[in-house]
Amino acid sequence: MDAKVFPSHTGPLTDARSHTISPTCSGTSVVGIKFKDGVIVAADSLVSYGSLGRYTNFDRVLKVNEQTVLACSGDVADFQYLTKLISQQVLIESLLGDGFSTSPQALHSWLTRVLYHRRSQFDPLWNSYIVGGVQKDGTPYLGYANMIGVAFTENCVATGFGSHLAVPILRKVIETKADSNVANLAYEDALAALKEAMTVLFYRDCRAFNMYKIAVVTKDGATVSENQKLEANWEMAGSITGYE
């Protein structure tokens with residue numbers, strides 16, 4: 001029996017309409033922590049092509065509105081897709097002019113269901129997200145959602161390598177500076193712990209970068225900083241066995 005012959009430009013391995021089923025360009029950890037007046041979220045600005053640093057000035061922190069910010073690790077293309085959907089919804093809310101805006105809890109709930117739906121279709125969005133903000137009653141909100149729809153809220157969260165390296169640093173500052181009650185945690189202490197976590201990630205995660213942005217949300221609104229540079233000290237490398 002003769003095998004079916006495909007023209008070179010239409011073969012099953014060259015179908016331009018097919019989508020990737022694993023991340024191509026991706027970002028590493030994002031980190032978030034609550035404090036007594038709101039939430040702080042941080043992410044570096046590097047996008048890696050495999051292990052190659054491809055883009056060094058990409059915003060992985062999105063200001064959704066004055067109540068809510070979103071940060072992402074994982075596939076950049078999928079993040080851009082969801083960003084477009086969210087931006088469209090924000091525009092619709094603005095045009096309605098009824099004073100309603102998406103709360104962080106609402107965005108987290110919607111995001112969880114979108115991610116779970118795509119996972120159930122065997123076409124997942126290869127991302128992990130942190131949603132931070134302040135509810136209408138002034139309560140800080142910090143939530144996590146990943147590519148298979150697992151979601152939870154916590155006083156401090158991180159994605160990727162940060163879940164192993166950054167979360168212990170953030171938990172420690174809550175225990176030592178706020179007596180394990182995040183409602184007592186000062187902004188300055190939370191910010192210092194977040195910067196320490198980003199520094200540790202830069203030292204220990206080969207896909208981390210020394211430029212990052214910080215988003216702060218309080219009842220007065222949301223702000224995203226310009227790129228900040230980590231002040232690293234590599235003198236410690238000399239004490240590592242095998243370092244040359």
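Nothing in this text is a laboratory measurement; each read-out follows from the coordinates by a stated rule. Treat the numbers as computed from the prediction; the structure is a model and nothing was measured. As a convention, Cβ positions derive from the backbone with ideal geometry for all residues, glycine included, and neighbour counts pool all protein chains shown.
Looking across region 148-173, the residues that are more than 13 Å from Ile33 (Cβ to Cβ) and either touching a helix residue (DSSP H, G or I) at 6+ places or on another chain (Cβ under 6 Å) or in a strand (DSSP E or B) (or both) come down to Ile148, Gly149, Ala151, Phe152, Leu165.
Tell me yes or no: at least one residue of region 173-190 is surrounded by 15 or more Cβ atoms within 10 Å (Cβ to Cβ) and under 30 Å from Ala77 (Cβ atoms). Steps first, answer last, please.
First, pick out the residues of region 173-190 that are surrounded by 15 or more Cβ atoms within 10 Å (Cβ to Cβ): 173-174, 177-178, 182, 185, 189-190.
Now narrow it down to the ones that are under 30 Å from Ala77 (Cβ atoms): none.
No: zero hits.
Condition first: β-branched (Val, Ile, Thr) and closer than 24 Å to Asn146 by Cβ. Now tell me which residues in region 156-192 satisfy that.
Let us first name the residues in region 156-192 that are β-branched (Val, Ile, Thr), namely 157, 159, 167, 169, 173-174, 176, 182.
Correct list: Val157, Thr159, Val167, Ile169, Ile174, Val182.
Scanning region 75-109 for residues that are outside any helix (DSSP H, G or I), of a type in the set (S, T, N, Q) and closer than 18 Å to Ile130 by Cβ yields Thr102, Ser103.
Restricted to region 47-74, and to residues there that are within 15 Å of the chain's Cα centre (by Cα), assigned to a loop (DSSP other than H, G, I, E, B) and among the charged types (D, E, K, R), the residue that is surrounded by the most Cβ atoms within 10 Å (Cβ to Cβ) is Arg60.
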